[in-house]
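Handing you a structure now.
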Amino acid sequence: MIRPALLLALLASPAMADDVTVFAAASLKNALDEVAAQFMQETGHDVTISYAGSNTLAKQIIAGAPADLFISASKEWMDLVEDAGLIERRTDLLGNRLVLIAHGAAQPVQISPDTDLAGLLDGGKLAMALVDSVPAGQYGKAALENLGLWDDVQADVAQSDNVRAALALVATGEAPLGIVYATDAAAEDGVTIVGEFPSDSHHPMTYPAALLAGASDDADQAFHDALSGSAAVAVFEKHGFTVMN
């Protein structure tokens, strides 16, 4: 028999918080950490976020990694997860811009087919995320190809596992220039945006967010919904993203 005092204590105890596991593109780190912190403070639920290149995360999810939500920097990698039957609900969440960054202070560059990018490198490396698999690298390679600049710099590209690693190469001075998202550049004081790639030089940059199959907890659904809420929108816009819904 439960004593009255113990029964009152049990009734007064808060409901146990649920855990939300999110796999997210590396370029989202600063903004998404802030959104998650707000959500945890307001709801009491725990949010754990694993950041990496969208290609790596998509492959892990398809292989059975336990995640409740996936936020990709590429529709194509999200499509693969959906084709595997692993998505419950999906929405296009954010947009971004592609920029050329330099280490420290630097003069602006007008990016066009006439840009002497190889000359600007002056024997140094052009930092990029993996150009055949990571969205930021794929967008960057496509832009350079469309502008007719890829062949001039291909041999000088230093590829990294994700866009934040490419950003770090420029921030530390290991590479004089790099191609990253505008939001990444805004998060790093050690780099300067020297130019923006024309929007028609690459496919639109879209970040789809998905509630994954099996993510049935109320907390999972609540966090997915919170990503489009007014508080999250304010955070994403503050960090330079375009909110799409």
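The values are calculated or read from the model by the stated rules, or taken from the named source; none is laboratory data. What you see is a predicted model, and the numbers here were worked out from it, not measured in a lab. Because the Cβ atoms are built from the backbone with ideal geometry, glycine has one as well, and the counts that use them run over all protein chains shown. When the accessible area is computed, the model is the full protein with side chains, heavy atoms only, and any ligands, DNA or RNA have been set aside. Shrake-Rupley method; radii C 1.70, N 1.55, O 1.52, S 1.80 Å.
Would you call ILE193 open to solvent by 50 Å² or more (accessible area, probe 1.4 Å) and hydrophobic (A, V, I, L, M, F, W, C)?
Taking the combined requirement at face value, the residue satisfies it.
Can you tell me how many residues within segment 215-245 are touching a residue at least 12 places away in the same chain (Cβ under 8 Å) and outside any helix (DSSP H, G or I)? Show your work before the answer.
Going through segment 215-245, the residues touching a residue at least 12 places away in the same chain (Cβ under 8 Å) turn out to be 215, 217-220, 222-224, 226-228, 231-232, 235-236, 238-245.
From what is left, the residues that are outside any helix (DSSP H, G or I) are 215, 217, 227-228, 239-245.
Residues that pass the stated criteria total 11.
Please go through (1) surrounded by 22 or more Cβ atoms within 10 Å (Cβ to Cβ); (2) touching a residue at least 40 places away in the same chain (Cβ under 8 Å) for ARG90 and return the number of the only condition it doesn't satisfy.
(1)
Filter segment 196-214 for residues that are of a type in the set (A, V, I, L, M) and open to solvent by 10 Å² or more (accessible area, probe 1.4 Å); which is nearest to ALA84 (Cα to Cα)?
Here the answer is ALA213.
Only residues that are of a type in the set (A, V, I, L, M), closer than 15 Å to LEU177 by Cα and buried (at least 19 other Cβ atoms within 10 Å of the Cβ): list them for segment 107-152, please.
Within segment 107-152, ILE111, LEU117, LEU120, LEU126, ALA127, MET128, ALA129, ALA136, LEU144, LEU149 meet the criteria.
Failed condition for SER74, given (1) modelled with pLDDT under 95; (2) under 24 Å from VAL194 (Cβ atoms); (3) of a type outside the set (D, E, K, R); (4) buried (at least 18 other Cβ atoms within 10 Å of the Cβ), with all others met?
(2)
If GLY104 meets every condition in (1) buried (at least 16 other Cβ atoms within 10 Å of the Cβ); (2) small (Gly, Ala, Ser); (3) modelled with pLDDT under 95 apart from one, which number is that one?
(1)
To continue, here is another question. For segment 31-49, does any single residue satisfy the condition of being within 16 Å of THR206 (Cα to Cα) and open to solvent by 60 Å² or more (accessible area, probe 1.4 Å)?
Scanning segment 31-49, I find no residue that is within 16 Å of THR206 (Cα to Cα) and open to solvent by 60 Å² or more (accessible area, probe 1.4 Å), so the answer is no.
Which of the helices (runs of 4 or more DSSP H) found entirely inside segment 141-192 contain at least 1 residues meeting this: touching a Ser or Thr at 6+ places or on another chain (Cβ under 8 Å), acidic (Asp, Glu) and at negative phi?
182-186
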